[in-house]
Structures are given as structure tokens and as C-alpha cells.
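Colleague: Below: one structure in C-alpha cells.
The values are calculated or read from the model by the stated rules, or taken from the named source; none is laboratory data. Predicted model only: the values in this text are computed from it and were never measured. Quick reminder, even Gly has a Cβ in these numbers, built from the backbone with ideal geometry, and neighbours come from all protein chains shown. Areas reflect the complete protein model, heavy atoms only, side chains present, ligands, DNA and RNA absent. Shrake-Rupley method; radii C 1.70, N 1.55, O 1.52, S 1.80 Å.
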Amino acid sequence: MATPGGPRPGNTPPNYNPNSLADNMQNLQINRPTQPPHSVANSGGPRPSPPFGQQPPPFPSSAPPSSPFPGASPVPRHGLTPPGVLPRASVPPGGPPQTTLPPNVASNRPSGPPGTQPPPPFGSRPPPPGSLLSSMGSPAWPPSGTPSGAFPPSGQVVALSGSRPGPFASSPLMTASAMPPSTTSSPINNGPPAFGSGPLQGGSRFPSAGSIPRLPVGPPPSTMSLAGAPPHAPSMRSLLGSPPASAPGGPVQPAPPFLAPPQGVPPPSGSSPFSAPPQGVSQPPGSLYGPQTWPIQPRQVAPPPPPIPGSAQPPRMFGMPPPLPTQSMAAISPATMSQMGAPMAGPSKIDPNQIPRPIPSSSVILHETRQGNQANPPPPATSDYIVRDTGNCSPRYLRCTISQIPCTVDLLTTSGMQLALLVQPLALPHPSEEPIQVVDFGESGPVRCSRCKGYINPFMKFIDQGKRFICNLCGFTDETPRDYHCNLGPDGRRRDADDRPELCRGTVEFVATKEYMVREPMPAVFFFLIDVSMNAIQIGATAAACSAINQVIADLPEGPRTMVGIATFDSTIHFYNPKRALQQPLMLIVPDVQDVYTPLQTDIIVPLSECRQHLELLLENIPTMFQNNKTADSAFGAAIKAAFLAMKSTGGKLLVFQSVLPSVGIGALSTREAEGRTNISAGEKEAHKLLQPADKILKTLAVELAEYQVCVDVFITTQTYVDIASISVIPRTTGGQVYYYYPFSALSDPAKLYNDLRWNVTRPQGFEAVMRVRCSQGLQVQEYSGNFCKRIPTDVDLPAIDCDKAIMATLKHDDKLQDGSECAFQCSLLYTTVYGQRRIRVSTLSLSCTSMLSSLFRSADLDTQFACFLKQGASEILSSPLLQVREQVTNLCINILHSYRKFCATVSSSGQLILPEALKLLPLYTLALIKSTGLQTDGRIDDRSFWINYVSSLSAPLAIPLVYPRMVAIHDLNSKEMDESLIPHVIPLSSEHLSDDGIYLLENGEDCLIYIGNSTDPDIMRRLFGISSIDEIPNQFVLQQYDDNPLSKKLNDVVNEIRRQRCSYLRLKLCKKGDPSGMLFYSYMVEDKTRSGLSYVEFLVHIHREIQSKMS
């Protein structure tokens, strides 16, 4: 969708890049008093300054750079920044003009007035967690002695030691890199690449300018020995993050979880929104992202990985031979086994410091999608990486659960793993990535296969002097269109392949021709529907909604195609005619909520430019007009139906603010929660029925809305049960989403409501979209899951699609694939940009096929596997009892690990739990999922319904944080050196890591809890929160920034950086021990033993025991 900052209609630059979303995060002071917005004509005057210190984004004014590709039509780029972004300095003189927006956006933002505007609080997708690119477009390089991609230690032995502590219990795990000591004089990496420490095979970290060694795809064998490592081995950080016992060459600093650019570095004058290296950072010859300078010498491309034989030597454990290069081992001694059933009394038999835990990477990974004519495995979704598209699309747009495709269905079944794609077609790219190229084939439209309709891509093979081409999806041979013909070079490729984006890039965007349109592209329509029932007025929800809409109007895309409408509702529906000619807006009431109609359709939705001032006046007056409203009923379904009738001819976005249970009119609901309010005992067996819609009325309405391209987002601001299970059917079917503020607080929630609404309308997005995923012969899509409507089996209808939404496509074999061949997937998304251009975004991914089980485990993608686990678990909750769902999830994990133990690991001792290196954190995340909101028996029905909804369109980078949140200590922010990262080191989610005199922050991408220990220093509490004792902790909390107080500033910086990374404003809550808030905080300590679940150590023992029983 439009984001302030892109080209204005009539002034569209070529190629867009949605990341020039340059927003200066320091300006996010979450506490400034609200200022009434000024009315702004669309003349580029000053924008209203939104409340809570959030400012709208700047308009980078830019001369359009010339298109790098001869065939590319000039196209605007689009940019908006997700919550909270940093300005990037300009490229050095040699580089290209970088005024582009990111590759992934619905191209075409207005490149607004050259006025200087303060940037928004939170708005551009972060350089993901930890980007090294602080106000610079080029990466920081490690000292020249460091191994450029310190190898991930691939064979990991986790000692779950027996009853005697022995020499092993105390020594931290050491990892020895399998490189000659001479090259590793200064080790820079930490333990196994759980969250992407290091370059994951094939994507190297930024090395010194001259040399970029690349890793082979299979990591080199390396063992982690439990007794001290040999003195010459360069030791890295232990699994938990404490420095190793002896590190050659001085102590190794634990790497911070996420890096972020330093605050307060102003960009050089005249710079574009991002990127020159700061002083003191060695700049590689030429600009790293300049046209031709990617500093890789041809001879340094890594050779293909050596084949790993099916039966390698058994892993080393206490004097055994070295293990397979890709496995982790945990030894559980017989003494431990004997007491497995009982809760572990006395000292734990397993050393908790030796078990696998996530170690976030602090450095930016440079990822080339293909190398040496084969796909590179993607970096972890949760890591910070910069992609160079060399044929396969970026993993941001398309990720597969396994980076090699099993040749047969039997091999896949044996592995126990899922085969699925996670598709996020408009995902925000990293600000330093090249923009997606827009290609215009003119009247004829893009070249396609005449049989399967696949789009031209880098893997289609041209033959017969270029006169014909073979489709890589279905194998059919087509004639090359005459005007597209080109001779082949000696290597068999077309001579113009590197000049045509569609023949050398994994993702391109084609300009759609008339044949792709059923009607003229729709305008950008925004209709706001506000609950004014008694309850909504009393809790302050109506006032908060009106204030948020009033400020967001300034951020809607400029131009004659932007239309708006407003209605309010209680037990009747009130439309308003905000036309400029009238003295004041006219209210039109629709009393019939059973058989709804819309009055004077033409005057309800009007161009924004004609009614901006009237609209602002109306929004200021609505809370006063209804302040004495005594109507408690809400006609939610009828109001949506009436708004739909007004929008039917155009389609568009319907944004609904709802505070109470819909009780009258179409789709009225009853308080069925009473039968299962606690839903523990009798409710347990049937509890899942309360998570299903009460009836089919709203579903029928939703399908009708989707058919006419109306997308509904619902903002639920409530203090009671509203039956989200029934209400959410509408946003899910229409490609929208549910926002949930419970219990709504008029003090602390308006800031989040405003920021959520602002990101909703300004993020990159498209309208009236259709998506299809095509696969090579031998595979097909079994089903799609996400927020959409499906009319025919192969296509997904999306009234709207935005950069945050992901769709899962589960795959199945329909034939045998050939070992060593390549299997391709192509996602095509036809959509309309907010400026009314029809586009087709095509992303292609080609992966090799394998018939070896060990290769599947080596190339498993943990983040994507787990995201699929999570989505399948969430959909099961709707139809099965919770106990059964928890068992299914645990069995999925056990089956995968059992298959690996049985077929890929050859170990003589049965006392060892052996985990594949790529999936060693699967047990931890499975345990976290079992203990998550969605799978807990206690808790509110609405909370679980919202969780299920949130998961349905969740992207891979947010899946793990949802169940295994990030926790950091904030009481000692002043004393910590953060290694360039704003965010302190991550702490495991176990209460033994919490001290009574500490303050801890925990965030899962949606909520942020701050826990204050009972013995915390009153001075620290006063400086951070303005309270002097734990008894003064308020229920409703707004984070302030206290002047002359560095600790307070650091906390604000940390919170704002997390908001920027997550593209979400996060609700803040203070928690203390012995209080319900403290219990809420402790419920996230997933590694602890609880009433309803095992501790992490016990869960590993349980899994080990299950695997052993299967083995016997």
C-alpha cells in the first residue's frame, strides 16, 4: 500500500523499492501529549503531528534513477517503514543513486512534497534484528584474520550427564572450527547457528574486502567435546553463551542477540534515505551495492558439497570416533533413565547448561540465493540477512521446509518432516537489497508456457538457437515469440540473459495487460466503521478510534483515486455525507438491521481531496454526539453489510472498530462463553466448539464481501467477551486481520491503536489479488492455509494482501522425482497497487532433489518447519480436544527425531539422545508450543480464538518468537556494553535466570511484559518508571522518557528497536511477583516445570524415552 514517501501519481520513478522507508526511530517518544491534528490540504503542507509522539513518515524527494535494465519500464517504488525506522546515509560518490524503495512493494508511492517532515515512530521493516548497516549501505567487515564465515559447528554432542558430575558437567561445550589454526587466529563466532549465528552454509558473513571464502553446502565435520577442547583448537562460545574456559587470543565477547544501527547519526547532507559507511569502516573497492561491484572473485565460488555417505562413522562420545557432521548428541545415562517417570528429585541428572538453546546471531549474513548452479540453503528466518538474488527468489518471499526435495513420497514419510512452502509475496526486503525490477512486455504481456501457464523465469531452457524453450515446470516445449528471440551463447544461455531481469532474477514484477483485468483497476477506498454503543463510549474506545482515524487520514495515499467513507453504529447504523459543499456533515440513519440498505450511495464514499476538513471535524465531533448514548446493543453484522452495499461497486478496505458482543440484526450472537467460561472440567471435552463460529451467517457474508473485493480488518477494543471465534470469520475470509486490545485501557491503548491503524493503511499492500503456486511435475499443492477466500482449488482470492501476510502451501507428491534433478516452485500474484496499476509479481525457487535421508535432515529449515507445525496445530484446535492436539504436536517432533536416530545416526550406546544439527532446537520449540496460549486449557476463549487467528497468517520470522519469546535484563542497561546492539543479550526462558533484584523485559512480537523483582533497587525503578516502590506499580502503563536520565533513554531505545524489528507497536505491561501479572510473566518461562507441563530437561528425557521405545 502506499507509504508516505513513494512516487505521487503522475511522477512515477522507475523500479520501486519499498525500503526507503527511512524513519528515524529516535523520534518515537511514546508519551507526548496528544495534539489535535491540523487539517491539511493535499498540497504538501505540514502534516499533523500525531499523538504519543509518533510522527508521520518523511517524503524523500528524489529524481528517478534511470532503470538499470533495458527492458524495464519506469515504475515507481513504494516505501513505508514499519514501526520505527532509521535513516540511512547516502551511497558514496561511486554508487548508484539510491533513492529507491524496497523490492517488495506494490509499486508506486507518491514521492511527496520536498517538505521536511519528521519521520514516523514506527514504520519501516527493520533492517531485521540486528542489522549492521547503521546509516550505511555497506556492511562492516571483520578484521582480516577472522574466518569469514566461521563455520557452524556441525556435529554437536550435548551431554546430558549421568549421576556423577565428572569432569564433563562443569566444562562448557567447546566448538572447534574445522579450519587450519593459522586462519582462525581471532575466532569470531559463537556456538551452533541456532538462530543464525554465522553464515549458514553458503551465505557468508561480511569478510574482508579482498577475499570471500564460501562454505560448501555440507558443513565440515566438527565435534564438540565435553572434556576440555585440545589446547590448539580455536574455541568458540559455549551453547549457552558464557565465554569458553580458555579462549586463545583474549576473551571472546558473547555476541549480542541483535545489532542495530547507532542512534543519532545524522545522514550526510544531501543524502538519500540510506546508506554510506560511517567513518572508520573500511569500504570495499566500489560500493557493495553499486551496479557491478559484488566483491567475489570467480575462482572463489565454493565447490559443490562433498557427498556425505549414508553410513558415516558413529558420533564421538566419551572416547568414541567423531560424529556425523550434522548431528547433535545428548547422553542420558542409565541412572537418569531409571527415574525417568518420576519427577527428578535432587540435582538434575542432565546439565541444563549443555542442552541446545537459541543463540541469536549479532551479525548481518550476506546470502546469495544460488551459487555454482545450485540453491544455497536460506539463513534462519529470525536472523538478519541481506539477499542477493542470483536466480532463486529471496527466502523472504518463498521458503521451503526442506531445502532439498525428497524424490519419493516414501522418503518424505520416513523422515517424518513436513513438505510445505511458506509464501509471503509482498514481504519487506532489507533496506540494502536491490529493488525488484519491473518488466513491461507491452501489449503482448509476459512470455508464458502455453500448457501450464508458468511465467518465464531463469530456469526455462532455450534450445534450437533460442527459437524454442522448455518449461521448467511442466516440461512442455514452446516456440519463442518472434520479438523475444535471441541467439544462445557458447554456454547454452541466451546472450541477453544477464540484461533481462526475468532471465536472471528469482523475483520480478510484470506489468499486467488488459487480458489480466476483469474491470478497470479499483480505486483505493477506505471505509471506517465505528462502534458508538454505550459500552464503547464509556470505556473510551470510540474516542480512541476517532482520534486514530483523524491522524491516519493524513497518511492515506494522495491523489484523486483515494476515496473515504465513515459510518457509526449501535443498534442502528448512521452514515455521514462529508461532501465539501454542505455546511457540516449530514447524518443518515438506517434503522432496519435485519434487511439493511444504504442511502444515497454516491455521497457516502467520496474522494478524500474533496472532504478532508469536513472529515476531521466529523471525527472530532462523533464522541461528543454520542456521549450520552444509552443504547447497549451492537448491530455489527448489519453495519458491515450496509458498508458493503456502499462499497460493492468499487471494493476496498473496510476498517471496523468493535467493542461489544454483536447482539442485534444480521449475525447477532449470544454469550455462549458462559457454558465454557472457565472451560476446564466439563467444558474441556467440548471446548473446541466454542472456538468455531456460532453459525454460518457471518461466513456467508464474508464470502460475499470477498467476491466484491472488500477486505475487512477488525479492531476489537473491549473489556468483555465478544466471541472472536465468530467475528474473525470475516477478516480471515477477506484477507484482513483481527487486532485485539483486551482489556482495553483508555490510558495505554490509544497509542497502539493509532500505530496499528497507521501501519495497516501505509504498509506495502495490494488490492483485488489472485495468487497461485505452481510446481514442477511430480509435485502439486495439496492445500493452502491463511487469510483468503478460495473459489477454485488452484487459486487463492485475496481482496487485499500486504507485506505482513504469509500463506502456507502444503505440497504432495504425485510422481517420483529424479535424483539430482531440480524441482521448481513458482508463486505468481496478480494484484492492483494503491495507485491503480495492475501488476504480476512472480517469485521462482528451484531446489535440487535427493534420494538420501541424511541430505533431507541436513537441509531442513527449522524456522519454516516450526511455522508449519504451529499453523497445523492452530487449525487442529478448532476440531479436536486440546489434549489430543498437544499429543499430536509432540508426536510430530518425536517421529522426526526417531527417524534421524534410526536411519542417519549410527551409535552403539542407547543412552544418547541424538538430534540433527539443523533441528536441534525442535524439542524446545515443541515444548514452548504445547505451553502456549492456544494449547493451554485454562485461559479465556477469546484469547485462544485471537491466538488461532494471529497464527493463521503469521510469517516465518514471527513464528518462533510467538511461542518462545525474547527475554532480556534491563536493570543494568547502563553497565552493559552492547557490542553495537541496542538490545541486550537474550536470557533463556527459565525462572532460575531471574533474580529478585532484577528487571526483565519479555516480548513475543505482539505483547511486551516488564517484570520487576521484589528486591529491585528503588533508585532504578524511579529512573525507569517513575515509581519508588514495587507497591506503586500501575495496572495501566505508558512508557515515559525521563529527561537527564540515560537509563530511561536506553530503555526507550530498546523498546523502540524491538517495535521496529517486529513492525508492531507492542502493548506494554508491568508485572510483579505474587500478582496475576507476575503469574502471566512466569507462564512464559517455558523451560520450567509447571502444573500443566514438563520442564525442558524432563521433556528431552521424555522424548528420548519415546524414541527408545520405538527403537526397541
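Colleague: Given the conditions (1) out of contact with any Ser or Thr (no Cβ under 8 Å at 6 or more places or on another chain); (2) open to solvent by 10 Å² or more (accessible area, probe 1.4 Å); (3) hydroxyl-bearing (Ser, Thr, Tyr), and given that Ser859 satisfies all but one, which numbered condition is not satisfied?
Modeller: Failing condition for Ser859: (1).
Colleague: Would you point out the residue of the range 1027-1054, among those that are assigned to a helix (DSSP H, G or I) and in contact (Cβ under 8 Å) with a residue 60 or more places away in the chain, that is nearest to the chain's Cα centre (by Cα)?
Modeller: Going through the qualifying residues, I end up with Val1054.
Colleague: Among the helices (runs of 4 or more DSSP H) contained in the range 466-560, which hold 2 or more residues that are open to solvent by 50 Å² or more (accessible area, probe 1.4 Å) and at negative phi?
Modeller: Once the helices (runs of 4 or more DSSP H) in the range 466-560 are filtered for at least 2 residues that are open to solvent by 50 Å² or more (accessible area, probe 1.4 Å) and at negative phi, what remains is 534-538.
Colleague: Among Leu962, Leu958, Leu954, which is under 30 Å from Phe744 (Cα atoms) and open to solvent by 20 Å² or more (accessible area, probe 1.4 Å)?
Modeller: Criteria check complete, one pass: Leu958.
Colleague: Please tell me if Ala632 is touching a strand residue (DSSP E or B) at 6+ places or on another chain (Cβ under 6 Å), closer than 20 Å to Ala545 by Cα and touching a residue at least 40 places away in the same chain (Cβ under 8 Å).
Modeller: No.
Colleague: Give me the pairs, please: first residue somewhere in the range 595-606 and over 15 Å from Thr562 (Cα atoms) and hydroxyl-bearing (Ser, Thr, Tyr), second residue anywhere and open to solvent by 20 Å² or more (accessible area, probe 1.4 Å) and modelled with pLDDT of 85 or more, beta-carbon distance under 9 Å, and either six or more positions apart or on two chains.
Modeller: Listed by first residue and then by second, the contacts come to Tyr597/Leu645; Thr598/Leu645; Thr598/Lys648.
Colleague: Which pairs turn up if I take residues in the range 689-711 that are within 19 Å of Met522 (Cβ to Cβ) and look for partners that are of a type in the set (Lys, Arg) with beta carbon separation below 7 Å, at least 6 apart in sequence or on another chain?
Modeller: Tyr708/Lys648; Cys711/Lys653
Colleague: A further question on this structure: Considering only residues that are assigned to a helix (DSSP H, G or I), out of contact with any strand residue (DSSP E or B) (no Cβ under 7 Å at 6 or more places or on another chain), within 21 Å of Ser859 (Cα to Cα) and open to solvent by less than 20 Å² (accessible area, probe 1.4 Å), which ones fall in the range 883-927?
Modeller: The answer is Cys893, Ile894, Ile896, Ser899, Leu922, Pro923, Leu924, Tyr925, Thr926.
Colleague: Within the set of pairs 6+ apart or on separate chains, which have a first residue in the range 764-782 that is basic (Lys, Arg), a second that is crowded, with 19+ Cβ neighbours inside 10 Å, and C-beta atoms under 7 Å apart?
Modeller: Pairs that qualify, where the first residue is basic (Lys, Arg) and the partner is crowded, with 19+ Cβ neighbours inside 10 Å, are Arg772/Ser828; Arg774/Gly454; Arg774/Leu473; Arg774/Gln826.
Colleague: Hey, another quick one. I'd like to verify a number: residues in the range 421-435 that are over 17 Å from the mean Cα position of the chain (by Cα) and open to solvent by less than 10 Å² (accessible area, probe 1.4 Å), how many?
Modeller: 1
Colleague: Follow-up. Pick from Leu870, Leu847: which is surrounded by 20 or more Cβ atoms within 10 Å (Cβ to Cβ), at pLDDT 95 or above and part of a strand (DSSP E or B)?
Modeller: Selected residue: Leu847, the only one of Leu870, Leu847 that is surrounded by 20 or more Cβ atoms within 10 Å (Cβ to Cβ), at pLDDT 95 or above and part of a strand (DSSP E or B).
Colleague: Separate question: Considering only residues that are open to solvent by 10 Å² or more (accessible area, probe 1.4 Å) and in a strand (DSSP E or B), which ones fall in the range 1055-1075?
Modeller: Selection gives Arg1067, Leu1068, Lys1069, Lys1072.
Colleague: Would you say Ile405 is open to solvent by less than 10 Å² (accessible area, probe 1.4 Å) and closer than 24 Å to Pro916 by Cβ?
Modeller: Considered against the rule, which asks whether it is open to solvent by less than 10 Å² (accessible area, probe 1.4 Å) and closer than 24 Å to Pro916 by Cβ, Ile405 comes out as yes.
Colleague: Right, another one. Of the residues Gly1005, Gly1078, only one is under 22 Å from Gln936 (Cα atoms) and either assigned by the TED database to the domain that holds Pro750 or assigned to a loop (DSSP other than H, G, I, E, B) (or both); which?
Modeller: After applying the criteria, what remains is Gly1005.
Colleague: If you don't mind, there's one more thing I want to ask. Just to check your reading of the model, which residue among Ile960, Ile1027 is in contact with a helix residue (DSSP H, G or I) (Cβ under 7 Å, 6 or more places away or on another chain), over 30 Å from Ile801 (Cβ atoms) and not small (Gly, Ala, Ser)?
Modeller: Ile1027
Colleague: A further question on this structure: Going residue by residue through the range 706-717, is there one that turns out to be modelled with pLDDT under 95 and touching a Ser or Thr at 6+ places or on another chain (Cβ under 8 Å)?
Modeller: No; the residues of the range 706-717 include none that is modelled with pLDDT under 95 and touching a Ser or Thr at 6+ places or on another chain (Cβ under 8 Å).
Colleague: Right, next: Could you tell me which numbered condition Cys400 fails, if it satisfies all but one of (1) farther than 24 Å from Val773 by Cα; (2) open to solvent by less than 20 Å² (accessible area, probe 1.4 Å); (3) at pLDDT 95 or above?
Modeller: (1) is the only condition that Cys400 fails.
Colleague: Suppose we filter the range 726-745 for residues that are modelled with pLDDT of 95 or more and open to solvent by 10 Å² or more (accessible area, probe 1.4 Å); how many remain?
Modeller: Within the range 726-745, residues that are modelled with pLDDT of 95 or more and open to solvent by 10 Å² or more (accessible area, probe 1.4 Å) number 6.
Colleague: So, of the residues in the range 1081-1112 that are outside any helix (DSSP H, G or I) and within 22 Å of Ile1010 (Cα to Cα), which turns out to be most open to solvent (accessible area, probe 1.4 Å)?
Modeller: Result: Lys1089.
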